[in-house]
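First up is the structure itself, then whatever we jot down about it.
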Amino acid sequence: MCGFGGTGSAFAAHQHRGFGEAGSACGGRSASRHLDGSCASVVGIDDYDYCVPAGIAITRAVSAALGDCELTHLERVPIDVEMARAQHRQYEQALREAGYVVEHLESTNEMPDSVFVEDIAVVFDELAIITRPGAASRRIETAAVAGALARHRPLHVIEAPGTVDGGDVLVAGRQVFVGLSTRTTDHGAGQMARLLEPYGYTVREVVVHDCLHLKSAMTTLSDDLLLVNPAWIDSGMFDGFALVEVDAEEPMAANALRLDDRVLYSASFPRTAARLERRGLRVECVPASEVAKAEGAVTCCSLILRSL
Ligand code: CIR
(Lines give C-alpha, C1' and ligand atoms only; values in the text may rest on other atoms or scores of the structure.)
Protein backbone atom coordinates (compact mmCIF):
# COMPACT_ATOMS: atom_id res chain seq x y z
CA MET A 1 0.00 0.00 0.00
CA CYS A 2 1.55 3.28 -1.05
CA GLY A 3 1.49 6.38 1.11
CA PHE A 4 0.81 9.81 -0.31
CA GLY A 5 0.51 13.27 1.17
CA GLY A 6 1.77 12.38 4.62
CA THR A 7 1.99 15.08 7.24
CA GLY A 8 5.67 14.57 8.00
CA SER A 9 8.03 17.10 6.45
CA ALA A 10 11.27 16.16 4.78
CA PHE A 11 12.41 19.61 5.81
CA ALA A 12 12.83 18.31 9.31
CA ALA A 13 15.67 16.21 7.97
CA HIS A 14 17.28 19.24 6.42
CA GLN A 15 16.79 21.98 8.91
CA HIS A 16 20.15 21.17 10.50
CA ARG A 17 22.04 21.93 7.30
CA GLY A 18 22.17 25.54 8.27
CA PHE A 19 21.43 28.63 6.33
CA GLY A 20 23.36 30.59 3.80
CA GLU A 21 21.76 29.70 0.45
CA ALA A 22 19.63 32.26 -1.24
CA GLY A 23 16.95 29.58 -1.29
CA SER A 24 16.63 29.34 2.47
CA ALA A 25 14.03 32.04 2.87
CA CYS A 26 12.19 30.50 -0.06
CA GLY A 27 11.79 27.17 1.67
CA GLY A 28 8.61 25.45 2.79
CA ARG A 29 6.96 22.21 1.94
CA SER A 30 4.99 23.80 -0.86
CA ALA A 31 7.40 26.37 -2.11
CA SER A 32 7.74 27.06 -5.82
CA ARG A 33 10.40 29.18 -7.39
CA HIS A 34 9.71 31.11 -10.55
CA LEU A 35 12.56 31.37 -12.98
CA ASP A 36 12.96 35.04 -12.23
CA GLY A 37 14.11 33.91 -8.78
CA SER A 38 11.02 35.04 -6.88
CA CYS A 39 9.05 32.65 -4.69
CA ALA A 40 5.42 31.62 -4.69
CA SER A 41 2.99 29.46 -2.73
CA VAL A 42 4.96 29.39 0.48
CA VAL A 43 2.78 27.42 2.86
CA GLY A 44 3.35 24.89 5.56
CA ILE A 45 6.35 26.42 7.24
CA ASP A 46 4.62 27.17 10.49
CA ASP A 47 6.97 24.79 12.35
CA TYR A 48 10.08 26.58 11.18
CA ASP A 49 11.09 30.17 10.85
CA TYR A 50 13.40 29.30 7.96
CA CYS A 51 13.93 26.06 6.13
CA VAL A 52 16.63 24.84 3.82
CA PRO A 53 15.13 23.01 0.84
CA ALA A 54 16.30 19.48 0.14
CA GLY A 55 17.08 20.83 -3.30
CA ILE A 56 15.55 21.94 -6.55
CA ALA A 57 13.44 19.83 -8.87
CA ILE A 58 13.27 21.07 -12.45
CA THR A 59 10.11 19.93 -14.21
CA ARG A 60 8.60 20.80 -17.57
CA ALA A 61 5.00 21.15 -18.66
CA VAL A 62 3.08 18.40 -20.42
CA SER A 63 2.93 19.49 -24.06
CA ALA A 64 -0.46 19.62 -25.76
CA ALA A 65 1.22 17.37 -28.35
CA LEU A 66 2.11 14.57 -25.89
CA GLY A 67 0.06 12.14 -27.98
CA ASP A 68 2.64 12.56 -30.78
CA CYS A 69 5.50 11.45 -28.52
CA GLU A 70 8.35 9.18 -29.54
CA LEU A 71 7.59 5.50 -28.96
CA THR A 72 10.06 2.62 -29.21
CA HIS A 73 8.64 -0.45 -27.45
CA LEU A 74 4.98 0.50 -26.96
CA GLU A 75 2.02 0.64 -29.31
CA ARG A 76 0.51 4.09 -29.61
CA VAL A 77 -2.72 4.47 -27.61
CA PRO A 78 -4.72 7.64 -26.93
CA ILE A 79 -3.30 9.82 -24.16
CA ASP A 80 -5.58 12.08 -22.13
CA VAL A 81 -3.49 15.27 -22.01
CA GLU A 82 -5.64 16.92 -19.34
CA MET A 83 -5.31 13.84 -17.15
CA ALA A 84 -1.57 13.81 -17.80
CA ARG A 85 -1.41 17.42 -16.65
CA ALA A 86 -3.43 16.68 -13.51
CA GLN A 87 -1.16 13.74 -12.71
CA HIS A 88 1.89 15.91 -13.35
CA ARG A 89 0.60 18.49 -10.86
CA GLN A 90 0.31 15.71 -8.27
CA TYR A 91 3.86 14.65 -9.08
CA GLU A 92 5.14 18.20 -8.60
CA GLN A 93 3.23 18.46 -5.33
CA ALA A 94 4.80 15.21 -4.14
CA LEU A 95 8.22 16.72 -4.88
CA ARG A 96 7.33 19.77 -2.79
CA GLU A 97 6.13 17.50 0.02
CA ALA A 98 9.55 15.86 -0.11
CA GLY A 99 11.18 19.24 0.44
CA TYR A 100 12.09 20.29 -3.09
CA VAL A 101 11.56 23.70 -4.65
CA VAL A 102 9.95 23.03 -8.02
CA GLU A 103 11.16 25.06 -11.02
CA HIS A 104 8.57 24.47 -13.70
CA LEU A 105 9.57 25.15 -17.31
CA GLU A 106 6.98 25.80 -19.97
CA SER A 107 6.60 23.76 -23.15
CA THR A 108 5.27 24.13 -26.70
CA ASN A 109 3.42 22.04 -29.26
CA GLU A 110 6.74 21.50 -31.04
CA MET A 111 8.12 19.33 -28.26
CA PRO A 112 5.73 16.41 -27.51
CA ASP A 113 8.16 14.73 -25.08
CA SER A 114 9.17 17.83 -23.11
CA VAL A 115 7.71 16.54 -19.82
CA PHE A 116 10.49 13.91 -19.78
CA VAL A 117 13.07 16.45 -18.72
CA GLU A 118 15.36 13.79 -17.25
CA ASP A 119 16.58 12.87 -20.72
CA ILE A 120 17.91 16.35 -21.44
CA ALA A 121 20.55 16.62 -18.72
CA VAL A 122 22.39 14.72 -16.01
CA VAL A 123 23.04 16.65 -12.82
CA PHE A 124 25.87 16.11 -10.34
CA ASP A 125 26.89 18.20 -7.35
CA GLU A 126 29.87 19.56 -9.29
CA LEU A 127 28.46 20.02 -12.80
CA ALA A 128 25.56 19.32 -15.13
CA ILE A 129 25.84 17.68 -18.52
CA ILE A 130 23.42 18.71 -21.24
CA THR A 131 22.76 15.66 -23.35
CA ARG A 132 22.39 15.22 -27.07
CA PRO A 133 19.20 13.13 -27.08
CA GLY A 134 19.11 10.04 -29.25
CA ALA A 135 15.79 11.02 -30.81
CA ALA A 136 16.43 13.99 -33.12
CA SER A 137 12.91 15.30 -32.40
CA ARG A 138 13.96 15.90 -28.80
CA ARG A 139 17.04 18.07 -29.40
CA ILE A 140 14.85 21.17 -29.48
CA GLU A 141 14.28 20.59 -25.74
CA THR A 142 17.85 21.29 -24.66
CA ALA A 143 18.00 25.11 -24.83
CA ALA A 144 15.51 25.90 -22.08
CA VAL A 145 16.83 23.15 -19.80
CA ALA A 146 20.38 24.43 -20.23
CA GLY A 147 19.15 27.93 -19.41
CA ALA A 148 17.56 26.74 -16.19
CA LEU A 149 20.52 24.60 -15.12
CA ALA A 150 23.08 27.30 -15.85
CA ARG A 151 21.73 29.13 -12.81
CA HIS A 152 22.80 26.25 -10.57
CA ARG A 153 25.71 24.29 -12.02
CA PRO A 154 28.64 24.69 -14.45
CA LEU A 155 27.46 23.18 -17.74
CA HIS A 156 29.10 20.72 -20.12
CA VAL A 157 27.54 19.31 -23.29
CA ILE A 158 27.52 16.02 -25.18
CA GLU A 159 28.66 16.69 -28.71
CA ALA A 160 27.86 15.09 -32.08
CA PRO A 161 28.13 12.40 -33.17
CA GLY A 162 27.59 11.03 -29.66
CA THR A 163 24.12 10.72 -28.20
CA VAL A 164 23.02 10.28 -24.60
CA ASP A 165 19.55 10.26 -23.04
CA GLY A 166 19.54 11.09 -19.32
CA GLY A 167 17.25 8.12 -18.79
CA ASP A 168 20.27 5.95 -19.58
CA VAL A 169 22.43 7.42 -16.83
CA LEU A 170 22.19 6.02 -13.32
CA VAL A 171 24.25 7.67 -10.60
CA ALA A 172 25.00 5.64 -7.46
CA GLY A 173 27.41 7.61 -5.30
CA ARG A 174 30.64 7.99 -7.30
CA GLN A 175 29.63 5.20 -9.68
CA VAL A 176 27.88 6.16 -12.89
CA PHE A 177 26.27 3.48 -15.03
CA VAL A 178 25.55 4.47 -18.64
CA GLY A 179 23.13 2.29 -20.56
CA LEU A 180 23.90 1.53 -24.19
CA SER A 181 20.45 1.62 -25.74
CA THR A 182 18.73 2.74 -28.93
CA ARG A 183 19.22 6.30 -27.57
CA THR A 184 22.70 6.29 -26.03
CA THR A 185 25.80 5.41 -28.02
CA ASP A 186 29.22 4.20 -27.01
CA HIS A 187 30.56 7.55 -28.27
CA GLY A 188 28.18 9.42 -25.95
CA ALA A 189 29.08 7.17 -23.01
CA GLY A 190 32.77 7.85 -23.70
CA GLN A 191 32.17 11.59 -23.51
CA MET A 192 30.38 11.09 -20.18
CA ALA A 193 33.45 9.25 -18.86
CA ARG A 194 35.85 11.96 -20.01
CA LEU A 195 33.74 14.67 -18.40
CA LEU A 196 33.19 12.85 -15.11
CA GLU A 197 36.42 11.00 -14.35
CA PRO A 198 38.32 14.20 -13.39
CA TYR A 199 35.75 14.61 -10.60
CA GLY A 200 36.40 11.13 -9.25
CA TYR A 201 33.43 9.35 -10.80
CA THR A 202 33.80 5.87 -12.27
CA VAL A 203 31.77 5.40 -15.45
CA ARG A 204 30.68 1.91 -16.54
CA GLU A 205 28.68 0.96 -19.59
CA VAL A 206 25.71 -1.40 -19.29
CA VAL A 207 24.02 -3.05 -22.26
CA VAL A 208 20.26 -2.51 -22.17
CA HIS A 209 17.88 -4.57 -24.27
CA ASP A 210 14.11 -4.81 -24.80
CA CYS A 211 13.35 -1.54 -22.99
CA LEU A 212 13.83 2.14 -23.71
CA HIS A 213 16.42 3.22 -21.15
CA LEU A 214 18.70 1.86 -18.44
CA LYS A 215 16.37 3.42 -15.88
CA SER A 216 13.45 1.47 -17.38
CA ALA A 217 15.35 -1.60 -16.16
CA MET A 218 17.04 -0.38 -12.99
CA THR A 219 16.98 2.51 -10.49
CA THR A 220 18.56 3.17 -7.12
CA LEU A 221 16.54 2.86 -3.92
CA SER A 222 19.33 3.73 -1.50
CA ASP A 223 23.12 3.89 -1.54
CA ASP A 224 23.44 0.12 -1.83
CA LEU A 225 20.02 -1.07 -3.01
CA LEU A 226 18.83 -1.30 -6.62
CA LEU A 227 15.38 -2.01 -8.02
CA VAL A 228 15.79 -4.14 -11.15
CA ASN A 229 14.00 -5.98 -13.91
CA PRO A 230 16.63 -8.67 -14.59
CA ALA A 231 15.05 -9.48 -17.97
CA TRP A 232 16.38 -6.24 -19.46
CA ILE A 233 19.94 -5.97 -18.10
CA ASP A 234 22.68 -8.21 -16.77
CA SER A 235 21.99 -7.61 -13.10
CA GLY A 236 25.01 -9.77 -12.20
CA MET A 237 27.37 -6.85 -12.92
CA PHE A 238 26.35 -4.70 -9.93
CA ASP A 239 28.80 -5.92 -7.29
CA GLY A 240 28.29 -4.41 -3.87
CA PHE A 241 24.60 -3.67 -4.39
CA ALA A 242 21.66 -5.60 -3.01
CA LEU A 243 18.87 -6.06 -5.53
CA VAL A 244 15.09 -5.97 -5.31
CA GLU A 245 13.43 -7.49 -8.35
CA VAL A 246 10.16 -6.19 -9.74
CA ASP A 247 7.12 -8.41 -9.36
CA ALA A 248 6.88 -10.71 -12.40
CA GLU A 249 3.47 -9.24 -13.26
CA GLU A 250 4.87 -5.69 -13.30
CA PRO A 251 7.77 -5.62 -15.79
CA MET A 252 7.64 -1.81 -16.12
CA ALA A 253 8.02 -1.33 -12.35
CA ALA A 254 11.82 -0.88 -12.07
CA ASN A 255 11.63 2.92 -12.19
CA ALA A 256 11.52 4.62 -8.80
CA LEU A 257 12.60 8.17 -7.95
CA ARG A 258 14.80 8.10 -4.88
CA LEU A 259 14.49 11.22 -2.75
CA ASP A 260 16.12 11.79 0.61
CA ASP A 261 13.79 9.97 2.98
CA ARG A 262 11.38 8.32 0.54
CA VAL A 263 10.87 6.82 -2.86
CA LEU A 264 8.43 8.42 -5.30
CA TYR A 265 6.73 5.66 -7.24
CA SER A 266 3.98 5.00 -9.77
CA ALA A 267 0.66 3.91 -8.31
CA SER A 268 0.40 1.42 -11.20
CA PHE A 269 2.70 -1.12 -9.53
CA PRO A 270 1.19 -2.11 -6.16
CA ARG A 271 2.85 -5.52 -6.00
CA THR A 272 6.35 -4.13 -6.39
CA ALA A 273 5.47 -1.21 -4.08
CA ALA A 274 4.61 -3.76 -1.39
CA ARG A 275 8.03 -5.37 -1.90
CA LEU A 276 9.71 -2.00 -1.41
CA GLU A 277 7.76 -1.34 1.77
CA ARG A 278 8.75 -4.76 3.09
CA ARG A 279 12.37 -3.61 2.63
CA GLY A 280 11.59 -0.73 5.00
CA LEU A 281 11.33 1.99 2.36
CA ARG A 282 8.86 4.84 2.59
CA VAL A 283 6.99 4.65 -0.72
CA GLU A 284 4.97 7.64 -1.91
CA CYS A 285 2.81 6.76 -4.90
CA VAL A 286 1.55 9.12 -7.57
CA PRO A 287 -0.68 8.35 -10.54
CA ALA A 288 1.44 8.07 -13.69
CA SER A 289 -0.76 6.19 -16.16
CA GLU A 290 -0.66 8.81 -18.90
CA VAL A 291 3.10 9.34 -19.05
CA ALA A 292 3.44 5.54 -19.04
CA LYS A 293 1.54 5.47 -22.37
CA ALA A 294 4.29 7.76 -23.71
CA GLU A 295 6.95 5.31 -22.42
CA GLY A 296 7.76 7.53 -19.45
CA ALA A 297 7.86 6.95 -15.70
CA VAL A 298 8.59 8.83 -12.48
CA THR A 299 12.31 9.53 -12.77
CA CYS A 300 11.81 10.95 -16.27
CA CYS A 301 9.69 13.89 -15.15
CA SER A 302 12.26 15.82 -13.09
CA LEU A 303 15.89 16.80 -12.75
CA ILE A 304 16.84 16.65 -9.10
CA LEU A 305 19.50 19.06 -7.82
CA ARG A 306 20.56 18.46 -4.26
CA SER A 307 21.19 21.48 -2.08
CA LEU A 308 24.93 21.90 -1.74
C1 CIR B 1 10.76 9.13 -25.60
O2 CIR B 1 10.63 8.11 -26.26
O3 CIR B 1 11.78 9.82 -25.66
C4 CIR B 1 9.63 9.53 -24.69
N5 CIR B 1 8.38 9.21 -25.31
C6 CIR B 1 9.73 8.85 -23.35
C7 CIR B 1 10.97 9.24 -22.60
C8 CIR B 1 10.99 8.67 -21.22
N9 CIR B 1 12.14 9.09 -20.53
C10 CIR B 1 12.76 8.37 -19.64
O11 CIR B 1 12.41 7.24 -19.40
N12 CIR B 1 13.83 8.90 -19.06
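Which one is nearest to ILE120 (Cα to Cα) among residues in segment 211-224 that are of a type outside the set (Gly, Ala, Ser) and more than 14 Å from the ligand (Cβ to nearest atom)? Restricting to residues being of a type outside the set (Gly, Ala, Ser) and more than 14 Å from the ligand (Cβ to nearest atom), the top hit is THR220.
When the residues of segment 258-308 are filtered to those that are away from the ligand (no atom under 16 Å from the Cβ) and free of Cβ contacts under 8 Å to residues at least 40 places away in the same chain, the one that is surrounded by the most Cβ atoms within 10 Å (Cβ to Cβ) is ARG275. GLY190 passes every criterion in (1) out of contact with any His (no Cβ under 6 Å at 6 or more places or on another chain); (2) under 21 Å from LEU257 (Cα atoms) apart from (2).
If the requirement is being of a type outside the set (A, V, I, L, M), within 11 Å of the ligand (Cβ to nearest atom) and at pLDDT 95 or above, which of these qualifies: GLU141, GLU92?
Values: GLU92 fails: within 11 Å of the ligand (Cβ to nearest atom).
Sole residue among the options that is of a type outside the set (A, V, I, L, M), within 11 Å of the ligand (Cβ to nearest atom) and at pLDDT 95 or above: GLU141.
Contact map, segment 41-64: residues that are of a type in the set (Asp, Glu) paired with residues that are at pLDDT 95 or above and surrounded by 22 or more Cβ atoms within 10 Å (Cβ to Cβ), Cβ distance under 6 Å, separation 6+ or inter-chain. No pairs are found.
Give me a count of the residues in segment 67-119 that are of a type in the set (Gly, Ala, Ser) and not in a loop (DSSP other than H, G, I, E, B). Write out each step before concluding.
Taking segment 67-119 and keeping what is of a type in the set (Gly, Ala, Ser), we get 67, 84, 86, 94, 98-99, 107, 114.
Now drop any that are not not in a loop (DSSP other than H, G, I, E, B), which leaves 67, 84, 86, 94.
So the count comes out to 4.
The set of residues in segment 162-220 being crowded, with 18+ Cβ neighbours inside 10 Å, out of contact with any strand residue (DSSP E or B) (no Cβ under 7 Å at 6 or more places or on another chain) and not β-branched (Val, Ile, Thr) consists of GLY162, ASP165, GLY167, SER181, ARG183, GLY188, GLN191, CYS211, LEU212, SER216. Where the second residue is assigned to a loop (DSSP other than H, G, I, E, B) and of a type in the set (S, T, N, Q) and the first is near the ligand (Cβ under 10 Å from one of its atoms) and lies in segment 66-80, which pairs have Cβ atoms under 7 Å and are six or more apart or on separate chains? Matching pairs, first to second residue: THR72/THR182.
Among the residues making up segment 187-200, those that are of a type outside the set (A, V, I, L, M, F, W, C), outside any loop (DSSP other than H, G, I, E, B) and more than 16 Å from the ligand (Cβ to nearest atom) are HIS187, GLY190, GLN191, ARG194, GLU197, PRO198, TYR199.
Kindly indicate whether any position in segment 67-75 is at pLDDT below 50, touching a Cys at 6+ places or on another chain (Cβ under 8 Å) and not acidic (Asp, Glu).
First, the residues of segment 67-75 that are at pLDDT below 50: none.
No - not one qualifying residue is present in segment 67-75.
Give LEU214, LEU195, LEU127 a once-over and let me know the one that is in contact with a Leu (Cβ under 6 Å, 6 or more places away or on another chain) and either of a type outside the set (Asp, Glu) or within 24 Å of GLU245 (Cα to Cα) (or both). Don't jump to the end; show me each part of the working.
On the way: LEU195 fails: in contact with a Leu (Cβ under 6 Å, 6 or more places away or on another chain); LEU127 fails: in contact with a Leu (Cβ under 6 Å, 6 or more places away or on another chain).
Going through LEU214, LEU195, LEU127 in turn, just one is in contact with a Leu (Cβ under 6 Å, 6 or more places away or on another chain) and either of a type outside the set (Asp, Glu) or within 24 Å of GLU245 (Cα to Cα) (or both): LEU214.
Say whether the condition of being over 22 Å from CYS69 (Cα atoms) and under 15 Å from the mean Cα position of the chain (by Cα) is met by at least one residue in segment 273-284. Yes: segment 273-284 contains one or more residues that are over 22 Å from CYS69 (Cα atoms) and under 15 Å from the mean Cα position of the chain (by Cα).
Applying the condition of being more than 16 Å from the ligand (Cβ to nearest atom) and under 13 Å from the mean Cα position of the chain (by Cα) to segment 96-124 and asking which residue is surrounded by the most Cβ atoms within 10 Å (Cβ to Cβ) yields TYR100.
This table checks each residue for (1) part of a helix (DSSP H, G or I); (2) in contact with a Leu (Cβ under 6 Å, 6 or more places away or on another chain).
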{"site": "PRO133", "(1), (2)": "no, no"}
{"site": "SER137", "(1), (2)": "yes, no"}
{"site": "ALA144", "(1), (2)": "yes, yes"}
{"site": "HIS152", "(1), (2)": "no, yes"}
{"site": "HIS156", "(1), (2)": "no, yes"}
{"site": "ALA160", "(1), (2)": "no, no"}
{"site": "THR163", "(1), (2)": "no, no"}
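The values are calculated or read from the model by the stated rules, or taken from the named source; none is laboratory data. Just so it is clear, the structure is predicted and the values come from calculations on it, not from any experiment. In this analysis, Cβ positions are derived from the backbone assuming ideal geometry, glycine residues included, and neighbour counts consider all displayed protein chains.
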